[in-house]
1. To two decimal places, what compactness ratio does the stretch 65-177 give when its Cα radius of gyration is scaled by 2.2 N^0.38 Å?
2. Quick check for me: using +1 on Lys/Arg Cβ and -1 on Asp/Glu Cβ, what's the dipole size of the stretch 1-126 about its Cα centre, in debye to the nearest 20?
3. If you fit an axis through the alpha-carbon atoms of helix 96-119 and take the longest principal axis of the Cα set of the chain, what angle between them do you get, 0 to 90°, nearest 10?
4. Given labels modelled 7 Å from the Cα in the Cβ direction, how far is it in nm from W68 to V122?
5. Using the 10 angstrom Cβ neighbour count as an exposure proxy, how do V47, V130 rank, fewest first?
6. With θ set to phi - 60° and the Karplus curve 6.51 cos²θ - 1.76 cosθ + 1.60, what are the ³J(HN,Hα) couplings of the stretch 138-154 in order, to the nearest whole Hz, using x for Gly and Pro?
7. Take I118, I112 and order them by how many other Cβ atoms sit within 10 Å, fewest up front.
8. What residue among S136, S61, S172 shows peak mean-square fluctuation when the chain is described by a Gaussian network model with Cα springs under 10 Å?
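None of the figures in this text is laboratory data; all of them are computed from the coordinates on show. This structure is a prediction, so every number in the text was calculated from the model and none was measured. With ideal geometry, Cβ positions are generated from the backbone for all residues, glycine too; neighbour counts draw on all protein chains shown.
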Amino acid sequence: MTGSDPGELLTVGPGLAVALIALALTGAAVAWLGGTGFGRAILGSTVRATVQLAVLGAALSLIVRSLWFTAAFVALMGLTAGWTAARRTVGRRPRGSEIARTTVTVAAPGAILTVALILTDVLPARGIAVIPVAGSAIGAAMAAAGLAGNRAFEELAARRGEVEAGLALGLSPGSSGSRSAGPQRLPP
């Protein structure tokens, strides 16, 4: 990425470095003028983000060259999204079974969508095209799973009496909930 390819979206060079430094210093100056005390944190975060993005960019430039590496990377994205959604849902470090169930819920729709788009020739089978599409689908599913899980736990907490009554009547812990995950009833 030296700017020699006219098809490049971003030219990496001294101009980009100057722009990043100017933006970081502007953010730190605004924080200092506003008296927030976050000026040093902004500069530190900028350096950390720059290093992380440089490493990720270098890795992705190698990954997109092989469809097998791309598939492995998408699988890693799915696993990470499953772990994140499980952690957000249970509010603690999730167990392996929770991660496995959430990963399937989060990653499967994105994988199915991506494969369907490739098979119908809508999406080219190239890493540079597959990663953003799969990443968007997995990211959306991760957000939805986290929100739905939180909503279900909130509903169960609000209906704790019903859950305890169901347990007292002999229902199993899995079926003692009110079978409601919000305003709509779920089929038994």
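1. Taking N as the residue count of the stretch 65-177, the ratio is 1.35.
2. Numbers: 10 positive and 4 negative charges, 145 e Å.
Value, rounded to 20: 700 debye.
3. Between helix and principal axis, roughly 60 degrees.
4. 2.9
5. Working: V47 12, V130 22.
Fewest-to-most ranking of V47, V130: V47, V130.
6. Karplus-based 3J(HN,Hα) across the stretch 138-154 equals 5, x, 5, 5, 4, 4, 5, 5, x, 5, 5, x, 4, 5, 5, 5, 4 Hz.
7. Least crowded to most crowded, the residues run I112, I118.
8. S172
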